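The values are calculated or read from the model by the stated rules, or taken from the named source; none is laboratory data. Just so it is clear, the model here is predicted, and its values are computed rather than measured. As a convention, Cβ positions derive from the backbone with ideal geometry for all residues, glycine included, and neighbour counts pool all protein chains shown.
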Amino acid sequence: MRRIHVFLLVAVCLVGVFFSARWLMLGVLAPPPAVAADADPDHLRIGNAFLDDLDAGRYQEALARTTVEVQAGLADGKLQKIWEALPEQLGARKTRTPLRGESIKGAPVVTSTLVFGLMALDARIVVDEDGRISGFWLVPGTMPAEPSEPLSSDAGFSENDFAVGDGARTLLGSLSLPKGDGPFAAIVLVHGSGPHDRDESIGPNKPFRDLAHGLAARGIAVLRYEKRTKAHPEEFAAMDFTVDAETVDDAVAAVAQLRADPRIDPARIFVAGHSLGAMMAPRIAQRAPELAGLILLAPTARQLQDVVLEQVQYLAASDGEIDAQEQAGIDEIARKAAAVATLPEDTPAAQTLFGLPARYWIDLRAYDPIAVARTLPQPILVVQGGRDYQVTADGDFARWQAAFGDDPRVRLELFPTLNHLMIAGAGASLPKEYALEGQVDAGVIDAIAGFVGASQP
């Protein structure tokens with residue numbers, strides 16, 4: 001079997017960046033899908049010993065179980081930094097599941113799911129024919145399912161199954177529907193970067209569920225659905241795709257389906273995008289001109305690669321210093337970010353920022369959300385958290401203010417204490433904050449409800 005070199009990756013929305021011992025990586029795609037397979041008993045034994053060494057702090061013993069290539073990649077204390085950074089970044093680890101056998105593109109691996117407060121990681125281990133660990137991945141895993149809390153009898157709304165699309169490409173979703181006589185105004189929620197579920201779950205936080213329930217209680221129907229990169233990651237494994245396939249197409253389809261639903265008023269349908277979804281909302285409106293308005297939650301106003309680079313620099317400096325390894329990471333991301341401006345379409349994905357297809361970056365570099373928003377007739381609400389380090393008040397919201405501050409069609413709302421998830425906090429925001437349970441601020445829900453109410457025909 002081909003030797004697989006070490007690869008360490010975590011993907012979480014626009015939560016952070018791949019970065020030394022203080023990292024989280026922007027992730028548009030889910031990791032390569034794995035299927036259950038029989039595990040070689042020796043591979044299980046070796047993998048368990050490796051993880052036991054890591055948990056016990058025996059980093060040299062763990063490295064000794066790996067190939068020369070892996071040792072070179074994790075020398076100079078890198079393995080220790082990464083392993084010990086996990087609970088710092090993701091919250092305390094709750095469980096480590098027994099290793100199980102899997103197959104990824106025909107190659108056997110053994111995998112343990114590490115459940116932290118913020119997210120779950122699958123630790124994937126490849127053992128070669130000599131009994132050495134030749135590959136070690138940390139990729140997003142699946143958090144244990146939590147039982148849904150039943151709605152109270154006085155909730156004022158109901159939850160209804162609602163699938164976006166049809167056939168094998170269906171995306172399962174939920175329509176939060178107010179009680180009483182319709183038809184109702186409705187909002188379609190559009191996710192940020194990453195393979196999100198319908199609630200846009202991040203650790204214990206579920207911002208899309210909070211929005212759906214809060215708005216439905218105020219008389220507005222809300223549709224949320226599984227993002228395609230989570231529900232059908234296999235579609236993207238070898239696909240030369242753009243952001244349309246990732247985000248835009250499904251949002252346009254969801255709007256069309258709501259317009260055909262007798263419970264919904266077709267003249268009062270809005271799109272509410274978060275982060276990347278907010279950035280792409282003006283394009284969604286171009287393709288669904290019947291929309292009544294747009295709600296942009298933490299909308300990026302700059303080129304995505306510039307926003308990502310800023311995140312890298314912010315997190316690297318968050319402890320007051322940038323070491324040589326971190327600076328090397330910044331320099332590499334800066335190089336790939338700068339290359340987007342002249343990226344040829346035939347550039348292999350392995351050479352692009354985050355391994356995304358060249359067409360993805362070429363499409364986005366020609367897209368200016370503010371310029372497109374200027375061409376739209378619909379009213380727009382822009383909501384920004386003042387503590388958001390991913391899409392910032394100074395770097396992004398200020399641009400929306402400069403473009404639309406005097407436009408009566410556009411409302412601009414800044415909430416000083418909110419982070420990227422629209423949850424209140426104090427001090428500098430960091431990824432570990434997302435491991436703390438919170439709720440979308442009621443002021444945000446009130447602002448959206450007021451905007452929808454004021455936008456009635």
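Remarks
- Residues of region 303-342 that are part of a loop (DSSP other than H, G, I, E, B) and either of a type in the set (G, A, S) or assigned by TED's automatic domain parsing to the domain that holds R409 (or both): A317, S318, G320.
- Screening the candidates D42, D76 for the property of being over 28 Å from T229 (Cβ atoms), charged (D, E, K, R) and not in a helix (DSSP H, G or I) yields one hit, D76.
- Test set (1) closer than 23 Å to S201 by Cα; (2) surrounded by 15 or more Cβ atoms within 10 Å (Cβ to Cβ); (3) at pLDDT 95 or above - K432 fails condition number: (3)
- Flag for I202 being closer than 18 Å to R268 by Cα, out of contact with any Asp or Glu (no Cβ under 7 Å at 6 or more places or on another chain) and β-branched (V, I, T): no
- Taken over region 107-145, the criterion of being modelled with pLDDT of 90 or more and either in contact with a Cys (Cβ under 8 Å, 6 or more places away or on another chain) or assigned to a loop (DSSP other than H, G, I, E, B) (or both) is satisfied by D128, E129, D130, G131, R132.
- The helices (runs of 4 or more DSSP H) falling completely within region 349-422 that include 3 or more residues that are surrounded by fewer than 20 Cβ atoms within 10 Å (Cβ to Cβ) and either in the same structural domain as G293 (by TED's automatic domain parsing) or out of contact with any Asp or Glu (no Cβ under 9 Å at 6 or more places or on another chain) (or both) map to 369-374, 398-404.
- Residues of region 437-448 include none that is modelled with pLDDT of 95 or more, surrounded by 21 or more Cβ atoms within 10 Å (Cβ to Cβ), of a type in the set (A, V, I, L, M) and in a loop (DSSP other than H, G, I, E, B).
- Taken as a whole, the condition of being surrounded by 22 or more Cβ atoms within 10 Å (Cβ to Cβ), assigned to a helix (DSSP H, G or I) and within 19 Å of the chain's Cα centre (by Cα) does not apply to A285.
- The numbered conditions (1) under 20 Å from the mean Cα position of the chain (by Cα); (2) touching a residue at least 24 places away in the same chain (Cβ under 8 Å) are all true for A341 except (1).
- D249, sole failed condition from (1) more than 18 Å from the chain's Cα centre (by Cα); (2) free of Cβ contacts under 8 Å to residues at least 60 places away in the same chain: (1)
- Just one of the numbered conditions (1) at pLDDT 90 or above; (2) closer than 24 Å to Q305 by Cα is not true of G214: (2).
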